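Inspection log for the structure reproduced underneath, given as structure tokens.
The values are calculated or read from the model by the stated rules, or taken from the named source; none is laboratory data. This is a predicted model, so every value here is computed, not measured. Positions of Cβ are generated from backbone atoms using ideal geometry, with glycine treated the same way; all protein chains shown enter the neighbour counts. Accessible surface areas use protein heavy atoms only, side chains included; no ligands, DNA or RNA. Shrake-Rupley method; radii C 1.70, N 1.55, O 1.52, S 1.80 Å.
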Amino acid sequence: MANNANAGYDGEAMTRPSLLITRPLASATRFVGRLAEDIQQSVTIIVSPLLEIVPTGAQVDLSPYAGVVFTSSNAVALAPNGNQRPAYCVGNMTAERAKAAGWTIAATEQNAENLIAELARTLPIGPLLHLAGRHRRGDIAARLTGLGIKTDVQTLYDQNPVDLSAQALALFEGEGRILVPLFSPRSAAHFIERAPKLHNVSVVAISDAVADCCQMAGIESVMVVAEPTGKEMLCAVEKILQGTSLA
């Protein structure tokens, strides 16, 4: 965890900052919808996606595969119905959406490293198909194949960068604090590149890798959540916006 994980979150200055959500639109809408009602009613919330999910139009043939790997809910939305085939998922939200789309959840881990370790331990019958976005980390398919679990990968969507909206940019015209939850190093890099200033920004980071990006850019107020999950991100954001200590 970053050394300054709780920096900037312990005083009146952090009470009721504006909230800027930069996730892709569907994910951002879900995140805002899960916030406590008092926050939704009393805090300025701006949704300004920095990544646009663009389907590739790829047609998925599941017939050669014994199951699939999902590392994002975006891939679940673009995949065929599971018809109760096994799915190995990263993240509870991904698993929930996969289950709703007809997949049988064979394993759920909170990050790719843990999922690879679990599959290495259980050695499921392959081959598997990793359904994913164009920008992905960890080379999961190659690593699983190297472990003896033949895995292919198919790209279902691209993640195209977009600029901050006029509403989002207006937040930076004042000196009020802006709270920004960031869910990946790539989205952090896009935010840093497009934000007109950073000195009034506080970040909730899903991982040390995200925090490192922010600290290298000079954002001093960075908190890393205890576990890399959407639930932990939501909890941290709510506590900050309700003026609750994170200690």
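Check off (1) in contact with an Asp or Glu (Cβ under 8 Å, 6 or more places away or on another chain); (2) surrounded by fewer than 21 Cβ atoms within 10 Å (Cβ to Cβ); (3) of a type outside the set (Lys, Arg); (4) in contact (Cβ under 8 Å) with a residue 40 or more places away in the chain for Glu109 and give me the number that stays unchecked.
Single failed check for Glu109: (4).
A quick yes/no check of all residues on (1) in contact with a Pro (Cβ under 8 Å, 6 or more places away or on another chain); (2) at pLDDT below 95:
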position	(1), (2)
Gln167	no, no
Leu182	no, no
Leu198	no, yes
Ile206	yes, yes
Ala217	no, yes
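Return the only residue of Val32, Val68 being open to solvent by less than 50 Å² (accessible area, probe 1.4 Å), assigned to a helix (DSSP H, G or I) and in contact with a strand residue (DSSP E or B) (Cβ under 8 Å, 6 or more places away or on another chain). Talk me through it step by step, then tell me what you get.
On the way: Val68 fails: assigned to a helix (DSSP H, G or I).
Just one listed residue meets the conditions, Val32.
Exactly one condition in (1) crowded, with 16+ Cβ neighbours inside 10 Å; (2) of a type outside the set (Val, Ile, Thr); (3) in contact (Cβ under 8 Å) with a residue 40 or more places away in the chain is false for Asn160; which is it?
Of the numbered conditions (1) crowded, with 16+ Cβ neighbours inside 10 Å; (2) of a type outside the set (Val, Ile, Thr); (3) in contact (Cβ under 8 Å) with a residue 40 or more places away in the chain, the odd one out for Asn160 is (1).
Which residue is nearest to Arg136 (Cα to Cα), if the candidates are limited to the range 97-106 and must be under 21 Å from the mean Cα position of the chain (by Cα) and open to solvent by 40 Å² or more (accessible area, probe 1.4 Å)?
Taking the candidates together, the pick is Arg97.
Take the residues in the range 82-96 that are of a type in the set (S, T, N, Q) and in contact (Cβ under 8 Å) with a residue 24 or more places away in the chain; name whichever of them is least open to solvent (accessible area, probe 1.4 Å).
The first filter runs over the range 82-96 and keeps only residues of a type in the set (S, T, N, Q), leaving 83-84, 92, 94.
Adding the requirement that they be in contact (Cβ under 8 Å) with a residue 24 or more places away in the chain leaves 92, 94.
Values: Asn92: 80, Thr94: 11 Å².
Filtering the range 82-96 for residues that are of a type in the set (S, T, N, Q) and in contact (Cβ under 8 Å) with a residue 24 or more places away in the chain, the one least open to solvent (accessible area, probe 1.4 Å) comes out as Thr94.
For Thr145, indicate whether it is more than 22 Å from the chain's Cα centre (by Cα), free of Cβ contacts under 8 Å to residues at least 12 places away in the same chain and surrounded by 14 or more Cβ atoms within 10 Å (Cβ to Cβ).
yes
Let me confirm something: among Ala58, Ala77, which residue is surrounded by fewer than 22 Cβ atoms within 10 Å (Cβ to Cβ), small (Gly, Ala, Ser) and under 16 Å from the mean Cα position of the chain (by Cα)?
Ala77
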